Amino acid sequence: MSIIKVSDLTYCYGKGTPFEKVALDNVSFNIEKGEFVAIIGHTGSGKSTLVSHLNGLLRADSGVVELDGENIFNKGYDLRSVRFRVGLVFQYPEYQLFEETVYKDIAFGPKNMGLSDEEVRERVIWAAKALEIKAELLNKSPFELSGGQKRRVAIAGVIAMRPEVLVLDEPAAGLDPAGRDRVMRLITDYRDRTGSTVVIVSHSMETAARYADKVVVLNNGKLFMCGSPDEVFSRADEIEKIGLSLPPVTKLIHSLIKEGYDLPENIYTAHQAAEALLSLKSKGGER
Ligand SMILES: Nc1ncnc2c1ncn2[C@@H]1O[C@H](COP(=O)(O)OP(=O)(O)O)[C@@H](O)[C@H]1O
Ligand SMILES: [Mg+2]
């Protein structure tokens, strides 16, 4: 069953001004319960604008966002409840940490939900653990933390609300490779443990190919493609035409296929490539 249904979503910035910009143009797609969705597209394609509609932060000029079958833009719909059910982690969320302690920052969302102090406490501890934030950091100021730690605190603040849908806008942006891997691992662990629906905006084709059940490709405010990673990445020519590129390892495998090697096309990670090459070698490595 679809937990979120986006239909004909259109949104324009600066309507009626010389800076008018149609950021979303008739975008439609569904998100199923428990699905891991990656939204990809080059800079300015509308990814952040799109995810800001999923929790009602932006209001579409036309079109519909349904959460569990109800249009969140309907008059009288409690948008506040949407913010708790669809948790949005902004890009560079660490800039929005503002409390005196890490504990208070993570507690901010659950407190707003009107939970008891005891329940808030339990959630803060649970969320900190899920994001590998050590207990001794909870009483520090967020400003004493490293960039990677701050990022994890900001994400913990959103998952502490236990949203049914966790939306993250480029959660790994600006981190070093180890920090990126760690954040992605923690997000996927969280998802595996809770069965939550996860929507992630990503620049990395490899991230999309590796983790997502569904890939949504935006181009210039329009939905360009939507499907499983295999469906989307098998259309390599079209993807490259809009200025996106396949993971480097996929390109390497595709060029080996062109050379006549018998390899599968759907290889997106170094690990998959190693397995496919070893399996080919064990068969004699024939072209
Ligand atoms: N606050 C804003 N005011 C005016 N234009 C904006 C604003 N935010 C984004 N845009 C424009 O809308 C388009 C889509 O932006 P955005 O959703 O941020 O794309 P992405 O996240 O894919 O980089 C871009 O052309 C961008 O310049
Ligand atoms: Mg963006």
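The numbers here are math on the coordinates, done by the rules we state, and not lab data. Note that the structure is a prediction, hence the values are computed from the model and not measured. Here the Cβ is made from the backbone with ideal geometry for all residues, glycine too, and neighbour counts use every protein chain on show.
Below, the figures for the structure above:
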item	result
Computed lengthening from Glu118 to Arg193, 0.36 nm per intervening residue step minus Cα-Cα distance	24.7 nm
Highest average packing first - 201-208, 258-265, Cβ atoms within 10 Å	201-208, 258-265
Top positive-direction residue, dipole computed over the chain with Cβ charges, set Ala160, Pro264, Asn55	Ala160
Pairs from Lys104/Lys150; Lys15/Lys47; Lys75/Lys214; Lys33/Lys134 whose Cα-Cα separation, in the structure shown, is over 24 Å	Lys75/Lys214; Lys33/Lys134
Long-range HN-HN contacts of Met225 with modeled amide H, under 5 Å	Val217
Quotient of Cα Rg and 2.2 N^0.38 Å for the chain, N being how many residues it contains	1.09
Directionally averaged shadow of segment 1-133, computed from the convex hull of its alpha-carbon atoms, nm²	10.4
Pairwise centroid distance, computed over Cα atoms, of segment 33-58 with segment 190-221, Å	10
Estimated vicinal HN-Hα couplings, Hz - segment 269-281 in sequence order (Karplus 6.51, -1.76, 1.60; Gly, Pro = x)	10, 4, 4, 4, 5, 4, 5, 5, 5, 5, 5, 5, 4
Dipole in debye (nearest 20) - the chain, about Cα centre, beta carbon charges: Lys, Arg +1; Asp, Glu -1	300
Segment 255-269-segment 108-145 distance, computed between alpha-carbon centres (Å)	47
222 nm mean residue ellipticity, helices alone, for the chain (DSSP H n ≥ 4; -39,500 (n - 2.57); rounded to 500)	-11500 deg cm²/dmol
Cα long-axis angle, helix 177-194 against the chain (0 to 90 degrees, to the nearest 10)	70
Only Lys, Arg (+1) and Asp, Glu (-1) charged, at Cβ; segment 173-237 dipole about Cα centre in debye	180
Helix axis angle, 248-258 relative to the chain longest principal axis, alpha carbon, degrees	20
